[in-house]
Amino acid sequence: MNIVETVGLTRTFGDFVANDGIDLRVAQGEIKAIVGENGAGKSTLMNMLYGLLTPTSGSIRVRGTECTFGSPADAIKAGLGMVHQHFKLVPSLSVWENVVLGIEKRVQTRAGRLPFIDARGQIGEVQAASDRYGMQLDVTATVGDLSIGLKQRVEILKMLYRDVEILILDEPTAVLTPQEVDGLIVTLNELKAQGKTIIVITHKLSEVMQLSDSVTVIKRGHVVADLRTAQTNERELAQLMVGRDVVLTLHRDERDCSGNDVAYQVRGLSTTDEHGKQVLSDIDLDVRRGEVLGIAGVEGNGQSELLKVLTGLMTATHAATTLEGRDLTNAMPTAIREAGVGIIHEDRYQHGLCRELTISENVIAGYHERPDVCRHGLLRPHEIAGKRDRLIEEYDVRVADPDGVVSQLSGGNAQKVIIAREFDAAPKLLIASQPTRGVDVGSIEFIHRKILQLRDAGTAVLLISSELSEIMTLSDRIVVMYKGRIIGEIDDVAHASTTAIGLLMAGIPQTEEVAR
Amino acid sequence: MKRRARRGSSLFGLGIANSLIPVVSAFVIGAIIIAVVGENPWTTYQFMLGQTLFDASGFVKTLHYATPLILTGLAIAVTFKANIFNMGVEGQVLSGAFAAGVVGFTLKGLPAPVHITVCLLVAIAVGMLVALVPAVLKAYFGVNEIVVTLMLNYAIVEILRVLAQTVFRDPTSGYVSTPSVAPSATFTRLFGTSLTLFTPLALVVFVAMYVLFKRSRLGYEITAMGINPGFAEASGMDVRRKIMTIMLISGALSGLAGAGFMLSEKFKYTLDFSGNPGLGWDGMLVALLGGHDPVGIVVAAVLYAALKTGADSISIFSDVPKEITGVIQGLIILLLSIRYFTRTSVVARRRAPTRKSSEEPVRAAQS
């Protein structure tokens with residue numbers, strides 16, 4: 001029996017059809033994966049199911065009855081819960097407060113209910129729920145202090161606590177370690193065994209294969225395939241998604257760069273956050289010319305802070321940083337760029353781009369003082385437009401309106417604007433953090449290829465990513481960060497196992513592993 | 001995908017709508033009030049705007065009064081665009097005017113061009129100096145510039161009052177006032193109209209500011225800072241230095257506005273020099289009405305000056321109390337505070353549908 005069904009579901013934005021007559025059938029108690037490139041219309045579909053968008057035409061049926069959802073509250077009432085890729089949490093509240101927000105229970109006495117929230121009772125309940133699903137959360141911790149990975153668990157817990165029957169997860173594994181992904185799969189299977197239905201939106205085809213029972217592929221607003229997972233494979237899915245063969249494993253020239261000069265050197269980098277908490281301790285890094293040094297680790301183990309310190313957005317309490325012999329310790333962002341550092345920030349729309357500015361204005365950001373675009377303090381609109389058009393061409397940015405703002409671009413194309421801007425300056429060092437997060441398969445391939453091209457041209461690359469496969473594909477050498485320290489290093493990436501790195505990511509040093 | 005309009009044109013239209021709706025609505029409500037008083041709104045408005053906008057000598061007069069407002073409007077806009085709020089334009093105007101007045105009546109025997117130039121430069125320097133205080137506090141100590149600039153206004157008004165009552169008092173005057181500036185320090189009226197060289201000077205400043213806003217690196221950085229400070233910082237814009245620069249420009253424009261008004265209209269500092277509510281405050285309205293766009297500011301300043309000078313024609317030619325202009329001004333301010341269409345609402349509508357509508361609040365949760 002289909003617990004959720006959509007019939008001819010269509011949603012248009014102006015004359016752009018985001019979803020065109022989608023027929024989706026989700027059976028009771030199955031794990032359904034919905035895959036598709038960025039911009040294919042997955043999120044539009046999910047937002048309609050969750051009451052965030054109203055369909056232009058078509059209908060949604062839950063357990064056979066037609067439903068109209070005016071808001072997420074309606075959807076939750078109907079038993080549909082969503083875990084967003086981007087979190088909807090109140091940072092200043094604690095974990096349990098976030099979980100019970102909206103459905104708080106009040107203190108019950110014999111005389112009736114008091115106007116106070118039953119904190120003790122609910123802390124217990126939420127903690128129990130967390131433990132039941134192996135979330136390992138301290139429910140009294142403040143959400144703002146949690147790492148991104150933990151915040152996501154709070155999101156999942158929030159829905160589980162609401163006893164939803166159908167759980168929609170939007171890119172749930174984007175921030176988890178391999179071990180945690182395994183844990184999540186166990187959890188999802190457990191939920192499935194209890195009769196819950198799970199819909200997972202994801203880019204990661206390996207996970208689709210691992211966890212789902214059936215898979216629906218969406219392309220340009222249409223359902224292009226509806227398959228049993230057991231009867232398909234990653235290659236076929238990828239092909240269906242993008243309509244062409246995708247090179248899932250990039251060919252990479254193996255070459256020894258251990259003899260190259262060290263271009264970028266970081267010594268003894270330590271710093272504290274604004275609360276005085278030690279977030280980075282004694283980090284040493286050496287990146288050689290033509291080498292990709294990957295920094296692996298579960299998100300929230302200091303990578304964000306490391307990026308900020310290295311790019312001049314945060315100061316280090318102790319450090320010595322040099323690029324090609326030039327001292328860059330606690331330098332300003334301008335000086336760092338001037339020294340030849342290209343930067344891909346982890347938060348694309350916070351630091352990398354300005355959504356409301358035009359593509360032209362974005363492609364010069366950070367380089368807008370250079371003589372090719374600016375002379376005597378005046379910008380050169382003609383040259384800037386020329387640069388923009390050249391970069392759009394060279395980096396295959398799919399853009400509807402070259403004069404338009406960046407917010408028109410899909411995630412992958414927005415990222416390509418950043419890549420184009422930073423790579424065009426021919427950096428001596430590239431610091432890239434999560435360069436392919438939330439980017440479609442086609443763009444991932446493109447971005448990876450560009451990074452390797454840069455490396456082959458002799459640029460030193462520092463790659464920070466929580467995506468282990470990305471680190472393994474691109475890096476010549478890997479260091480693993482755990483709790484603000486470098487916990488291990490892997491020199492022979494070709495022969496390293498995911499398990500070994502996974503253990504390091506979980507904070508178990510390899511020496512210990514060997515000793516056992 | 002081809003449906004998307006260009007940002008420039010549509011956001012421009014948006015700005016116009018956001019300014020036009022309040023103005024038109026204010027006039028409509030004003031008309032109702034006039035009708036209730038028992039007068040004909042149409043003829044009243046004809047007197048009011050006909051004399052100030054559609055009559056040659058009237059328009060010249062309007063332009064004369066619009067001149068300082070153009071400068072104060074620009075002074076406000078340059079900071080607001082960067083999301084810095086210089087609420088102290090009024091104080092900077094007054095100090096600039098006072099300084100120009102003092103230089104104007106103390107220095108003697110200078111040729112007029114030199115004397116005027118000296119007055120203006122001193123006023124600009126004083127305006128910048130006053131703006132420097134909140135700028136340094138904001139940039140280097142993180143002190144909220146809104147509070148500092150706002151409070152500084154009151155301090156400056158009192159200081160100038162004391163100075164005008166004691167050291168620089170004109171003993172021959174029956175009320176608190178400084179001596180008039182020397183003839184060599186006054187802008188001469190052009191062709192017998194009320195217009196002086198101050199107006200073309202302000203227009204030159206306007207052109208410079210237009211270039212700064214639209215074409216310069218600084219303008220680009222100001223826009224980026226105003227929209228997304230995180231992005232601006234990550235792109236290597238030295239936010240501290242920009243705050244200093246922006247505040248100093250604002251102070252300079254304010255000082256110039258005050259000095260020009262002094263040397264072309266008032267000639268001496270009195271306690272009601274800046275009028276009510278004051279050139280700085282009016283400039284805030286003008287900047288808001290003009291959508292923080294240089295061209296919009298000029299249009300808004302002219303309209304606003306027409307409204308103010310129109311009050312006199314009303315009292316001369318009709319029985320409507322001239323306070324009606326005050327009512328209309330008040331209504332414009334009130335209605336302007338409602339944003340009818342926001343940039344984000346337009347951008348959101350144009351956004352790729354796949355982008356989650358939820359991203360905005362989410363970012364706040366992550367930080």
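The values are calculated or read from the model by the stated rules, or taken from the named source; none is laboratory data. Computed from a prediction, not measured in an experiment: that's the story for all the values here. Quick reminder, even Gly has a Cβ in these numbers, built from the backbone with ideal geometry, and neighbours come from all protein chains shown.
Quick one: would you say B:Val167 is in a helix (DSSP H, G or I) and either surrounded by fewer than 21 Cβ atoms within 10 Å (Cβ to Cβ) or in contact with a Gly (Cβ under 8 Å, 6 or more places away or on another chain) (or both)?
It is false that B:Val167 is in a helix (DSSP H, G or I) and either surrounded by fewer than 21 Cβ atoms within 10 Å (Cβ to Cβ) or in contact with a Gly (Cβ under 8 Å, 6 or more places away or on another chain) (or both).
Any residue in the stretch A:44-55 that is more than 12 Å from chain B (Cβ to nearest Cβ) and more than 12 Å from A:Asp74 (Cα to Cα) sitting within a Cβ distance under 8 Å of a residue that is at pLDDT 90 or above and surrounded by fewer than 21 Cβ atoms within 10 Å (Cβ to Cβ)? List the pairs, counting only those 6 or more apart or interchain.
A:Pro55/A:Thr10
In the stretch A:30-64, which residues are among the charged types (D, E, K, R) and outside any loop (DSSP other than H, G, I, E, B)?
Correct list: A:Lys32, A:Lys42, A:Arg61.
Got a sec? Which of B:Ala252, B:Ala259, B:Ala232 is among the aliphatic types (A, V, I, L, M) and within 11 Å of another protein chain (Cβ to nearest Cβ)?
Just one listed residue meets the conditions, B:Ala232.
Which one of the conditions (1) more than 25 Å from the chain's Cα centre (by Cα); (2) within 10 Å of chain B (Cβ to nearest Cβ); (3) under 26 Å from A:Leu323 (Cβ atoms) does A:Asp403 fail to meet, given that it meets all the rest?
Every condition holds for A:Asp403 apart from (3).
Could you count how many residues in the stretch A:363-374 are crowded, with 19+ Cβ neighbours inside 10 Å, at the interface with another protein chain (Cβ under 9 Å from one of its Cβ atoms) and either in a helix (DSSP H, G or I) or not hydrophobic (A, V, I, L, M, F, W, C) (or both)?
So the count comes out to 3.
Mind telling me which of the residues B:Thr67, B:Thr44 ends up being touching a strand residue (DSSP E or B) at 6+ places or on another chain (Cβ under 9 Å) and part of a helix (DSSP H, G or I)?
Testing whether each residue is touching a strand residue (DSSP E or B) at 6+ places or on another chain (Cβ under 9 Å) and part of a helix (DSSP H, G or I) leaves just B:Thr67.
Residues checked against (1) under 30 Å from A:Ile218 (Cβ atoms); (2) surrounded by fewer than 21 Cβ atoms within 10 Å (Cβ to Cβ); (3) not assigned by TED's automatic domain parsing to the domain that holds A:Glu324:
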| position | (1), (2), (3) |
| --- | --- |
| A:Phe423 | no, no, no |
| A:Ala426 | no, yes, no |
| A:Gln434 | yes, no, no |
| A:Glu445 | yes, yes, no |
| A:Arg455 | no, no, no |
| A:Val461 | no, no, no |
| A:Glu489 | no, yes, no |
| A:Ala496 | no, yes, no |
| A:Pro509 | no, yes, no |
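Which members of the stretch A:312-340 meet the condition of being closer than 18 Å to B:Ala232 by Cβ and hydrophobic (A, V, I, L, M, F, W, C)?
A:Leu313, A:Met314, A:Ala331, A:Met332, A:Ala335, A:Ile336
Search the stretch B:142-154 for residues that are of a type in the set (A, V, I, L, M) and pair each with any residue that is part of a helix (DSSP H, G or I) when their beta-carbon atoms are under 6 Å apart and the residues are at least 6 apart or on different chains.
Within 6 Å, the pairs are B:Val143/B:Leu137; B:Val148/B:Pro134; B:Val148/B:Leu137; B:Leu152/B:Gly91.
Looking at A:Leu328, A:Leu353, which one is touching a strand residue (DSSP E or B) at 6+ places or on another chain (Cβ under 8 Å) and either more than 7 Å from chain B (Cβ to nearest Cβ) or not charged (D, E, K, R) (or both)?
A:Leu328
Within the stretch A:406-433, which residues are within 14 Å of another protein chain (Cβ to nearest Cβ) and more than 19 Å from A:Ile336 (Cβ to Cβ)?
A:Val406, A:Ser407, A:Gln408, A:Leu409, A:Ser410, A:Gly411, A:Gly412, A:Asn413, A:Ala414, A:Gln415, A:Val417
Give all pairs with beta carbons closer than 9 Å in which a residue from the stretch A:255-269 that is on the phi > 0 side of the Ramachandran plot meets a residue that is part of a strand (DSSP E or B); count only pairs at least 6 apart in sequence or on separate chains.
Pairs found: A:Gly268/A:Asp282; A:Gly268/A:Ile283; A:Gly268/A:Asp284; A:Gly268/A:His318; A:Gly268/A:Ala319; A:Gly268/A:Ala320.
Only residues that are within 12 Å of chain B (Cβ to nearest Cβ), under 22 Å from B:Lys214 (Cβ atoms) and of a type in the set (A, V, I, L, M): list them for the stretch A:375-400, please.
Result: A:Leu378, A:Leu379, A:Ile384.
This table checks each residue for (1) over 27 Å from A:Leu269 (Cβ atoms); (2) touching a Ser or Thr at 6+ places or on another chain (Cβ under 7 Å); (3) in a helix (DSSP H, G or I); (4) β-branched (Val, Ile, Thr).
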position: A:Glu422; (1), (2), (3), (4): no, no, yes, no
position: A:Ala426; (1), (2), (3), (4): no, no, no, no
position: A:Gly442; (1), (2), (3), (4): yes, no, yes, no
position: A:Arg449; (1), (2), (3), (4): yes, no, yes, no
position: A:Gly458; (1), (2), (3), (4): no, no, no, no
position: A:Leu462; (1), (2), (3), (4): no, no, no, no
position: A:Ile478; (1), (2), (3), (4): no, no, no, yes
position: A:Ala494; (1), (2), (3), (4): yes, no, yes, no
position: A:Ala500; (1), (2), (3), (4): no, no, yes, no
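Can you confirm whether the stretch B:172-179 contains a residue that is surrounded by 19 or more Cβ atoms within 10 Å (Cβ to Cβ), part of a loop (DSSP other than H, G, I, E, B) and either touching a residue at least 12 places away in the same chain (Cβ under 8 Å) or on the phi > 0 side of the Ramachandran plot (or both)?
Yes - at least one qualifying residue is present in the stretch B:172-179.
Quickly run through the stretch A:112-171 and pick out the residues that are over 26 Å from A:Asp74 (Cα atoms), within 14 Å of chain B (Cβ to nearest Cβ) and in a loop (DSSP other than H, G, I, E, B).
Of everything in the stretch A:112-171, those that are over 26 Å from A:Asp74 (Cα atoms), within 14 Å of chain B (Cβ to nearest Cβ) and in a loop (DSSP other than H, G, I, E, B) turn out to be A:Leu146, A:Ser147.
Output the number of the condition that A:Ala319 fails; it satisfies all remaining conditions of (1) without any contact (Cβ under 8 Å) to a residue 12 or more places away in the chain; (2) away from chain B (no Cβ under 11 Å).
(1)
Among residues belonging to the stretch A:331-350 that are at the interface with another protein chain (Cβ under 7 Å from one of its Cβ atoms) and within 27 Å of B:Lys214 (Cα to Cα), point out the one that is surrounded by the fewest Cβ atoms within 10 Å (Cβ to Cβ).
So the residue we want is A:Thr334.
Scan the stretch B:138-145 and give yes if some residue there is closer than 17 Å to B:Met262 by Cβ, surrounded by 17 or more Cβ atoms within 10 Å (Cβ to Cβ) and touching a Pro at 6+ places or on another chain (Cβ under 7 Å), otherwise no.
no
Tell me the residue from B:Val204, B:Val211 that is within 14 Å of another protein chain (Cβ to nearest Cβ), surrounded by fewer than 16 Cβ atoms within 10 Å (Cβ to Cβ) and within 21 Å of B:Met128 (Cβ to Cβ), please.
Testing whether each residue is within 14 Å of another protein chain (Cβ to nearest Cβ), surrounded by fewer than 16 Cβ atoms within 10 Å (Cβ to Cβ) and within 21 Å of B:Met128 (Cβ to Cβ) leaves just B:Val211.
Within the stretch A:21-49, restricting attention to residues that are polar (S, T, N, Q) and under 23 Å from A:Glu236 (Cα atoms), which residue is modelled with the highest pLDDT?
A:Ser43
In the set A:Val373, A:Val363, which member is of a type in the set (A, V, I, L, M, F, W, C), touching a residue at least 40 places away in the same chain (Cβ under 8 Å) and in the same structural domain as A:Ser443 (by TED's automatic domain parsing)?
Only one candidate qualifies: A:Val363.
Go through B:Val122, B:Val162 for me and flag whichever is crowded, with 17+ Cβ neighbours inside 10 Å and out of contact with any Leu (no Cβ under 9 Å at 6 or more places or on another chain).
Selected residue: B:Val122, the only one of B:Val122, B:Val162 that is crowded, with 17+ Cβ neighbours inside 10 Å and out of contact with any Leu (no Cβ under 9 Å at 6 or more places or on another chain).
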